[in-house]
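For reference, the structure discussed in these notes is given below.
Where a number appears in this text, it was derived from the coordinates with a stated rule and is not lab data. Keep in mind the model is a prediction, meaning the values are calculated, not measured. Every residue, glycine as well, gets a Cβ built from its backbone with ideal geometry; the counts of neighbours run over all protein chains shown.
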Amino acid sequence: MQKKLFATAIIGIFSSIAVISLFRNQTPKSLFTPAEKQIPRHEASRDGAPSRDEDKNVMVTRVIDGDTIEIESGAHVRYIGMNTPETVDPRKPIQCFGAEASAKNKEFVEKKYVRLEKDVSETDRYGRLLRYVFVGDTMINLLLVKEGYATAATFPPDVKYYQRFLDAEREAREQQRGLWNACPIKIKR
């Protein structure tokens, strides 16, 4: 009888954790991981090498285009969840609003320390790190979509903020911000 009560209590505890996790948009596993160590913004990494430590701050040395940056280690980082018009693809002409998107990304991150957050995938097929990029508490990927410099472009399994990107794109499109006003865009979903 005591074993049955104990088992029922354990199941209840884990069920509660799972429900709480769903409401917090986290996996149950994340509740058992240690609290994230916050690194003050001025204590950035000296080598800038990418790692699984998501709180690590790295310097952006160069903006390649609206959705790709280079960090001080030399690694290229492709923003997750969005896409900007092309400016550097040798197979394509510069696309409408591409130069503006690159300039805005440069304004947001170049020569600044950023925090990189991984979703599921480590890299894309070109070897670029796939990350959400934060300056302070601001996710630059999402900000570019919200301000009309990018479109939402989510590729599974990296879907952590999928709905936020769709909502930001809808808002930018409805408000005719950025490329939604300047370019004849046809989005395929």
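In terms of the mean number of neighbouring beta-carbon atoms within 10 Å, the peptides 93-100, 62-69 order highest first as 62-69, 93-100. Report, in whole Å, the centroid distance computed from the Cα atoms of segment 82-131 and segment 165-184. Segment 82-131 and segment 165-184 have Cα centres separated by 18 Å.
The fewest-to-most ranking of THR87, THR154 by surrounding Cβ atoms within 10 Å reads THR154, THR87. Simple spin-label estimate for PHE155 and GLU122 gives 1.7 nm between the two label positions (7 Å along the Cα-to-Cβ direction from each Cα). Listed from fewest to most Cβ neighbours within 10 Å, the set ARG125, ARG78 follows the order ARG125, ARG78. Measuring against 23 Å, Cα to Cα, the residue pairs LYS56/LYS106; LYS56/LYS146; LYS56/LYS112; LYS118/LYS146; LYS112/LYS160 contain LYS56/LYS146; LYS112/LYS160 as the ones spanning a longer distance.
Using Cβ contacts closer than 10 Å as the measure, can you line up TYR162, TYR113, TYR79, TYR126 from fewest to most? Don't skip to the end; give the middle numbers.
Numbers: TYR162 15, TYR113 22, TYR79 26, TYR126 8.
The fewest-first ordering by Cβ neighbours comes to TYR126, TYR162, TYR113, TYR79.
With a ≥ b ≥ c the root eigenvalues of the C-alpha gyration tensor of segment 98-151, is it rounded (a/c under 1.5), prolate (a/b larger than b/c) or oblate?
Note, shape of segment 98-151 comes out prolate.
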